[in-house]
Structures are given as C-alpha cells and as structure tokens.
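**Q** Submitted below is the structure of interest, expressed as structure tokens.
The values are calculated or read from the model by the stated rules, or taken from the named source; none is laboratory data. All values reported here derive from a predicted model rather than from experimental measurement. So basically every Cβ, Gly included, is an ideal-geometry build from the backbone, and we count neighbours across all protein chains shown. The protein model used for the area step is the full one, side chains on, heavy atoms only, and it has no ligands, DNA or RNA in it. Shrake-Rupley method; radii C 1.70, N 1.55, O 1.52, S 1.80 Å.
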Amino acid sequence: MTYTVIYEDQNSNLGTFTFVSTRHDKNYAWSEFAEKYAEEGQEAIGIMPGHQLVYFASDISFTNVA
C-alpha cells in the first residue's frame, strides 16, 4: 500500500514523503516512516493512503465535449 506522510522538521517546515509500506495498515506505516524513512528532526503529523493527483489549468488540453 502506498502512503503519503506529512511531516514537520526541526525548523517547523512542513514536507511530504511518499512510500510503499510493507503492510496495508496505517499504524504500521506510521511507525515504518519513523523508523526507516524519516530523517533527523522529521516527525509525522499526518498520513494519507493512496496517490492523489492534482491537475491545474496549465495541465489541461481544452477540447469540446459532446
């Protein structure tokens, strides 16, 4: 299962990190981020399962819809 973690670093900056967890379990994924992927000073503040894509107007090729 893919998870995206929102974290805060030691300078109070927010960031995100996306990874594939070895289990489909939010509790395990939270711990897995902390133990395997977080760099010094990074603390998870939220976790979201799956991938989310956002398209902006500049990404769209406008066509007529019938």
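**Q** Filter the range 43-57 down to residues that are among the small types (Gly, Ala, Ser) and either surrounded by fewer than 10 Cβ atoms within 10 Å (Cβ to Cβ) or modelled with pLDDT under 80 (or both), then give me how many there are.
**A** Total satisfying the criteria: 2.
**Q** Would you please name the residue that is farthest from the chain's Cα centre (by Cα), looking only at residues in the range 8-17 that are polar (S, T, N, Q) and open to solvent by less than 90 Å² (accessible area, probe 1.4 Å)?
**A** Ser12
**Q** Is it fair to say Ile60 is of a type in the set (Val, Ile, Thr), open to solvent by 60 Å² or more (accessible area, probe 1.4 Å) and under 12 Å from the mean Cα position of the chain (by Cα)?
**A** So Ile60 fails the test.
**Q** Let me ask you something else. Working only within the range 23-42, note down all residues that are surrounded by 12 or more Cβ atoms within 10 Å (Cβ to Cβ) and either under 14 Å from the mean Cα position of the chain (by Cα) or at pLDDT 95 or above (or both).
**A** The answer is Lys26, Tyr28, Ala29, Trp30, Ser31, Glu32, Phe33, Ala34, Tyr37, Ala38, Gln42.
**Q** From the list Val5, Val20, which residue is among the aliphatic types (A, V, I, L, M), touching a Phe, Trp or Tyr at 6+ places or on another chain (Cβ under 9 Å) and exposed (fewer than 14 other Cβ atoms within 10 Å of the Cβ)?
**A** Val20
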